Amino acid sequence: MNQLASRRGFLWRSFAVPALSAVAVLFAGSAQAQEPIKIGFSMALTGPLAGAGQGALLAMQIWEDDINKKGGLLGRKVKLVYYDDKSSPAEVPAIYSKLLDIDKVELIVGPYASTQVAAALPIAIQRKKTLIGLFATGVNDKFKYNQYFSMIPTGPSPRASFTKGFFDVAMAQNPKPKTVAIAAADAEFGRNVQDGAVQNAKEAKLEVVYNRTYPPSTTDFGPIVRAVQAANPDILVICSYPLDSVGWVRALSEVGYTPKMVGGGMVGLQFTAIKQQLGPLLNGFVNYETWLPHKSMQYPGAMEVVEKYQERAKGQKLDPLGYYLPPWAYAYLQTLAQAITATKSLDDAKLAEWLHKNPVKTVVGDIRFGPTGEWTESRFLQVQYQNIGGTDIKEFTDMSKQPILSPDSLKSGKVIYPFANAKKK
């Protein structure tokens, strides 16, 4: 009897235990498959860039909802894991290290703005992670990291693209301008766009009569405006951050200085709150925008995203229109998702290889990436603010008051030139 029992026990262990182990492994694998794919990032939710960062986050959350309603990616739901970088690049490295080491996110995307993305990129390089930056200018020029991609329509020459259209519009006038002044915030973005403006001025054969940076902490722009005025340029290019841009617009008005054309690379004039704050003071400025609901830019899905954003932004302290950053924040997650779906993988190297070889379809149009991750062609806009009569939000939903001047393929209106004529309207 003891031998029989022993043999039965042996047989049970021989067949039942491996079977139970297989079930346990299968169950564990199934449970792992049900865990969400975690995508980590930092975002400017407080500080001077929060006006854009908060709107970007809402658009990303809309994408998260949309993709999960469709079943997620690779049969798994998606979860966004994020922290506030306080608009400070100094916060970024620690956040991305925490995301990867403690939160164990499987994928990362970049923060918003050049200085923050520049701070995140070395972490991505060290960890061999694919990184899509959000509105960063030329941050990969030095590294040439082949797993970096840029969600901004600057094209292969990111520094020059911000103001290329500005110079094109200026040089199409009669008589053509002969001199230019360039003023820039002494920070990553400002210096990059300043370099591009110098390049554009050289190609246009304009004499640069003023080319200086100013501290990012500057609040009084009157003395700088007077110094530029003393140089007497035909046109003035400004490469500024949001608070600077407000200071420049007000100082130019207070001093009464009207070069023939002014603007180019001013961050902040795209934000609805700043547009409403400045109102008619904006008239005449020619400046970059990235997306506006002109018919030529209503790519498939774009208006749907904007409408969802506007509905969810109600009652919150967010940009109520969401024209500037939200479509792009949605699009860079769309880009990552298409690479995942196409490769059926979360492997960063495979995702990067696919993105280099294939176009992606997004709510901001079709995109192809070049060798350094920049777009293969520029789709950057220059618009002019015209005939703005007040500060009501309706002034800024009327696209006739923000006509596209460049590029020609998207052009929707004519420039009022010189600047003084637009101020009379």
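Amide hydrogen proximity for Cys239: with H placed 1.01 Å from N in the peptide plane, the residues at 5 or more positions away or on another chain lying under 5 Å are Ala183, Ala184, Ala185. Once the Cα atoms of helix 326-343 and of the chain are each reduced to a long axis, what angle between those two axes, in degrees from 0 to 90 to the nearest 10, is obtained? Between the helix axis and the principal axis of the chain, the angle is about 40 degrees.
Taken one residue at a time, the phi angles of the stretch 305-315 give Karplus couplings (6.51, -1.76, 1.60, θ = phi - 60°) of 5, 4, 5, 4, 4, 4, 5, 6, 6, 4, x Hz. Gly and Pro are set to x.
Phi-derived couplings, Karplus 6.51 cos²θ - 1.76 cosθ + 1.60 at θ = phi - 60°, listed residue by residue for the stretch 66-76: 4, 5, 6, 5, 8, x, x, 10, 6, x, 10 Hz, with x used for Gly and Pro. What angle do you read, to the nearest 10 degrees and between 0 and 90, between the alpha-carbon axis of helix 242-255 and the longest principal axis of the chain? Roughly 10 degrees between the two axes. Would you tally the net charge around Asp319, using a Cβ to Cβ cut-off of less than 13 Å, leaving Asp319 out, and scoring K and R as +1, D and E as -1? Charge balance in the 13 Å sphere: +4. Beta bridges per DSSP, both residues in the chain: antiparallel share near 25 percent. A helix-only calculation puts the chain at -14000 deg cm²/dmol for mean residue ellipticity at 222 nm, using -39500 (n - 2.57) for each DSSP H run of at least four residues, averaged over all residues. Rounded, prolate or oblate: which one fits the stretch 30-155, using the alpha carbon gyration tensor with axes a ≥ b ≥ c (rounded when a/c is under 1.5, else prolate when a/b beats b/c, else oblate)? Prolate.
For Leu73, neighbours were defined as the other residues whose beta-carbon sits under 13 Å from its Cβ, and their charges (Lys and Arg +1, Asp and Glu -1) total +3. The separation of the stretch 226-303 from the stretch 101-137, counted between C-alpha centres, amounts to 29 Å. Comparing Gly138, Tyr112, Ile102 along the charge dipole axis of the stretch 90-141, the residue lying farthest to the positive side is Ile102, per the Cβ-charge model.
The share of alpha-carbon pairs in the chain lying farther apart than 40 Å comes to 23%.
Comparing mean-square fluctuations of Gln338, Gln116, Gln316 from a GNM of the chain with C-alpha springs under 10 Å, the top value falls on Gln316. Taking other residues whose beta carbon is less than 9 angstrom from the beta carbon of Ala204, and scoring Lys, Arg as +1 and Asp, Glu as -1, yields +1. Candidate cross-link partners of Lys202 among the aspartates and glutamates, defined by an alpha-carbon separation under 16 Å and a same-chain spacing of 8 or more, comprise Asp168, Asp234.
Helix 222-231 and the longest principal axis of the C-alpha atoms of the chain enclose an angle of approximately 60°. Report the residue, chosen from Ala172, Ala331, Ala185, that carries the largest GNM mean-square fluctuation when the chain is represented by alpha-carbon nodes joined by springs under 10 Å. Per the Cα network of the chain with a 10 Å cutoff, Ala172 tops the list.
Read-outs: derived from the displayed coordinates by stated rules, not from any lab. Keep in mind that what you see is a predicted model, and the values were worked out from it rather than measured. Cβ coordinates were reconstructed from backbone atoms using ideal geometry, including for glycine residues, and neighbour counts include every protein chain displayed.
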